[in-house]
Structures are given as structure tokens and as C-alpha cells.
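The values are calculated or read from the model by the stated rules, or taken from the named source; none is laboratory data. Treat the numbers as computed from the prediction; the structure is a model and nothing was measured. Every residue, glycine as well, gets a Cβ built from its backbone with ideal geometry; the counts of neighbours run over all protein chains shown. Quick note on the areas: whole protein, heavy atoms, side chains included, nothing else; ligands and nucleic acids left out. Shrake-Rupley method; radii C 1.70, N 1.55, O 1.52, S 1.80 Å.
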Amino acid sequence: MVEQSKRFRRGMRQRPAKAPEEAPVDPPVEASVEVPADVTETAPVQRRGLLSGSGRSAEEIAREDRALRSAFPFLDLDDVEAESPERAEEVAPVAAPEPLILNPESEVMPEPEAEQPSEQPPEDDGWNDLGPMPVQRQQMMRNLIITASRKNPVHAAFDVLRARLVQALSDNGWRRVAITSPTRDCGKTFVSVNLAVALSRYENCRTVLMDMDMRNPSVAKTLGLRDVGSMGAYLRGEIETRDQFFKFDQNDMSLGDNLAIAMNDRVEPFASELMQQPATRDRLTRMEAELHPDVVLFDLPPALANDDVIAFKSNFDGVLIVIDGTRTSGAEVREVMRRLGEDVPLLGVVLNKAEDATGDEYGY
């Protein structure tokens, strides 16, 4: 496994640069995001980089929020699908937050973030030891990584999600974010990768994305990469951080150097057991000590498909739930929240596949 990961790194270093091809513009895709304003408040923790101060005042953030709320309508989750009588007896009556619909045709765009001076990296910083990975432009466009080229106007939805998420993490002194969905094919990896790429453009905010869906790993496929190593082997301590995490190679898409991605190319037969091992918790702590990230995104399996998310919940600070606007029910969202428990903050709901969109636009 270690040798396979090293071959990938050598291949990345030896791969000749290719002239970028002109990518077709993807059709507009509706997306919606929300980070609730009433997340649990705790005393702020002094942090490095962007999360120690976004450079934008509370008044500016509030003004942006008011402009967005006045420009776009809201969708009530209760209208998505009525609960069945059988599920109603099983599901605790927990109210889900309303997602904010962002219309791709709107001319209202998030204000650009102010660039802040970056802090001096710590002496034991291992970020510069991470190897490069190629930017597969055509593959990323086919898989709707719309925040890479920013040609599709829906990228504005992820810019809003990025700003609100960072503010929520900063306000509460949090770092680790789980991204899951009630069932499969809701687009959680689509959201995870697009959000990570959007965050990479914050020049003094280091972001880590880890493919923790060890039953059906998808991040490497989305980016068009192979031979990326085993997440299970990494969590067990068999692979070093510098051999598992990669940064985008030089590119003309402004994909930032402040994003490191740990991918997976094989199924882990005992994923749930590995998720709750103390060794996994220690490995994540060691990774943070080596890379010093400001935001860590975990692309997790669907929460209702197995117990992986529940087994892993002590390792993240809050959760984003991705729902399919064509088939996810309000009952399923409430069941996810019930299983996670009241001690896990819900950072937001991302509405993917708007009701009037076709499945062909997403390619799922």
C-alpha cells in the first residue's frame, strides 16, 4: 500500500504538463445552501489564519445576509414529502431548518472576501511536504466541480456556503465538519469537493478534505485520479500523512495551494469498527498537528445506510446534511438528526437537485 502511494507521488512529479483544453460550460444547476444562524454559541477559541478573523466585520456579514435573504425565496422542507404514518411513530419531532434557495439567474453575487496577511507557518509544518496531484480539467467539468472554473453561476451558492460556514466555525471555535446525506445519490461528494475547492481560494485558510466513505469512495473518481492509496491503511498508521494527502499541481484555474485532499481507492470491509477506534481519533489529531488545517471536511457515507456516521460522530464538531430535492423526505432528515443526537450541531442543509431540475443535469 505504501509502495502504491509512492508510485502515485512519483507519477505526479514526473507527469509532463499539458496545455489546458477548453472545457464546455455546464448547464446551470440549481443548488441551495443554509448555515443556520442559531448554532450553539460557545466561547470563541483563538485560532491561526483565516479563522482567527475573517477580515470582514459582523456588520458586513449581516448586510450580505440581509441582501441574500431579500433576494431569494425560501423552501419549506415539510413540502418536500409528507411523512408516512409508519415513519412518524419512529421519528422524533425535530424541526429541520429551511434551506436557502439560490437562483442561478440572479445577479446578486456574494461580495469578494478581503485578502488578509497570512501568518508565519509553524516550524514543524508538514504542509510543504505534500506531493502534487494533476488537475484533470475535463473530468472535473464532467463531474460538475463548478467552483473550479466558476463559469457556471451556481458557484455563487458555494461561495455563500463557504462564507457562512467559516463564520459559524469561527464563532464557535470549531474546525471539523462532517458532510453526509440521508440516503445515497444525494450528491454529498459533489458538495464536499465543490465546497473544498471554494475554500481553497481563501489564501490564509488551510482546508483538508478527507474521503471517509470507505464503503463507496468517490472523491478520487470525481477528480479523475487513480492509485491514491488506502484511507483504512492511513487511519491504522500504515501510511504517512505526506504519502496520503496531495495538493493541486500548478494550474490556470486558480485552484489554491491551501487545499490538501486525502483520497481512497479501495473498500474497507470493517469501516464502522475502524471509525470508532481510538487509533483513528489519535491519527486525526496527529494529522492536524502535522498540517495545521483551519477547516477539515469529512466526506462521510449516507447516515441512514449504516452506522459509520454514528460511530464517527465524536470526531467532528458539526454536520452538513445534503438532501435530494426530488426524493428526500422531511422524515429522513429528522431521522438523521435524531440518530446523531442533540449534542451534534447541525451546521446546515444543502438542497441539491431542485424540484424542477432533471437528473441528466447532474449525471447521477
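Would you call Glu273 surrounded by fewer than 17 Cβ atoms within 10 Å (Cβ to Cβ) and among the acidic types (Asp, Glu)?
Yes: the conditions hold for Glu273.
Go through region 164-188 residue by residue and tally those that are surrounded by fewer than 22 Cβ atoms within 10 Å (Cβ to Cβ) and either farther than 30 Å from Asp307 by Cβ or of a type in the set (S, T, N, Q) (or both).
Result for region 164-188: 5.
Give me the residue from region 300-319 that is among the small types (Gly, Ala, Ser) and touching a helix residue (DSSP H, G or I) at 6+ places or on another chain (Cβ under 6 Å) and, out of that set, surrounded by the most Cβ atoms within 10 Å (Cβ to Cβ).
Ala303
Is it true that Asn264 is surrounded by 24 or more Cβ atoms within 10 Å (Cβ to Cβ) and among the polar types (S, T, N, Q)?
Yes: the conditions hold for Asn264.
Test each condition in (1) among the polar types (S, T, N, Q); (2) more than 21 Å from Asn251 (Cα to Cα); (3) not in a helix (DSSP H, G or I) for Asn204 and report the one that comes out false.
(2)
Consider only pairs whose beta carbons are under 6 Å apart and that are at least six residues apart or on different chains; among these, list those whose first residue lies in region 241-270 and is under 18 Å from Met214 (Cβ atoms) and whose second residue is open to solvent by 10 Å² or more (accessible area, probe 1.4 Å) and not in a loop (DSSP other than H, G, I, E, B).
Pairs found: Thr241/Glu290.
Give the residues of region 226-257 that are more than 21 Å from Pro269 (Cα to Cα) and within 18 Å of the chain's Cα centre (by Cα), sorted by residue number.
Phe245, Phe246, Lys247, Phe248, Leu255, Gly256, Asp257
Going by the conditions given, is Thr147 β-branched (Val, Ile, Thr), closer than 19 Å to Met212 by Cβ and surrounded by 23 or more Cβ atoms within 10 Å (Cβ to Cβ)?
Criteria not met by Thr147.
Does region 233-241 include one or more residues that are assigned to a loop (DSSP other than H, G, I, E, B), open to solvent by 60 Å² or more (accessible area, probe 1.4 Å) and not charged (D, E, K, R)?
There is no residue in region 233-241 that is assigned to a loop (DSSP other than H, G, I, E, B), open to solvent by 60 Å² or more (accessible area, probe 1.4 Å) and not charged (D, E, K, R).
Got a sec? Which of Leu255, Leu297, Leu209, Leu225 is open to solvent by less than 40 Å² (accessible area, probe 1.4 Å), in a strand (DSSP E or B) and over 19 Å from Leu340 (Cβ atoms)?
Answer to the selection: Leu209.
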